[in-house]
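> This is the structure I have questions about; it appears just below.
Where a number appears in this text, it was derived from the coordinates with a stated rule and is not lab data. Quantities reported herein were computed from a predicted structural model and do not represent experimental measurements. All Cβ positions, even for glycine, are placed from backbone atoms using ideal geometry, and neighbour counts span all protein chains on display.
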Amino acid sequence: MYKTGLVIVAIVWLGCLFSSCSKGANPEGSTPVPYVKVNVSININSSPYTGLQTIGGVAYATGGNRGIVLYRINATTITAFDRTCTYDLPDNGGIVQAENNGTAVCIDCGSTYGLSNGNVLSGPSTLGLQLYNTSFNSTTGNLVITN
């Protein structure tokens, strides 16, 4: 019985070890970021979202755990990530801030993330940003962000 318990503990520990080493974006359910229901609609032709009219543009929206950062990848795709830094949650109060080069940096720990995919570019964080779903109509400029 003792050996079975040790095997189970070892399997759980290894699972946690390997899952915490992921550097990719976190879809809902695989992230330490507290869950907050997101259902936000904006239009990129309205202020303060006009930065999203150009490829590589960024904007912020309210919602999520600590706000949402938006990034225009191409003519038809805009990504949305929670601004919560994934390093050392829940103790870390870090918020990511978009840079002009397609990245976001935590103002607390310095972790850098790519805004096209949410991946960690440099640590100390090892988990990517919390990813939200987006639906973008490039003709009307309407963007819906959900989880």
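> With the crude spin-label approximation of a point 7 Å out along Cα→Cβ, what separation in nm comes out for Asn117 versus Asn137?
3.1 nm
> Between Asn43 and Thr62, what length comes free when the chain is fully extended (0.36 nm per residue of separation minus the Cα-Cα distance, one decimal in nm)?
Details: separation 19, 0.36 × 19 = 6.84 nm, distance 1.35 nm.
Net length gain for the segment: 5.5 nm.
> Taking θ as phi - 60°, what are the ³J(HN,Hα) couplings along the stretch 96-108 by the Karplus curve (6.51, -1.76, 1.60), each to the nearest whole Hz, with x for Gly and Pro?
Coupling constants for the stretch 96-108: 7, 10, 5, 9, 7, 10, x, 10, 10, 10, 6, 6, 9 Hz.
> Hey, another quick one. Relative contact order, percent, of the stretch 24-146 when contacts are C-alpha pairs under 8 Å separated by at least 6 residues?
Relative contact order here is 29 percent.
> Could you rank the peptides 79-88, 103-112, 43-52, 130-139 by their average count of other C-beta atoms within 10 Å per residue, with the highest value first? Before the final figure, lay out each step's value.
Values: 79-88: 24.2, 103-112: 18.1, 43-52: 14.7, 130-139: 16.6.
The packing order, highest mean first, is 79-88, 103-112, 130-139, 43-52.
> Across every pair of different alpha-carbon atoms, what Kirkwood hydrodynamic radius in Å does the stretch 24-146 reach? Mind dumping the intermediate values first?
Details: mean 1/r = 0.0711 Å⁻¹.
Result for the stretch 24-146, one decimal place: 14.1 Å.
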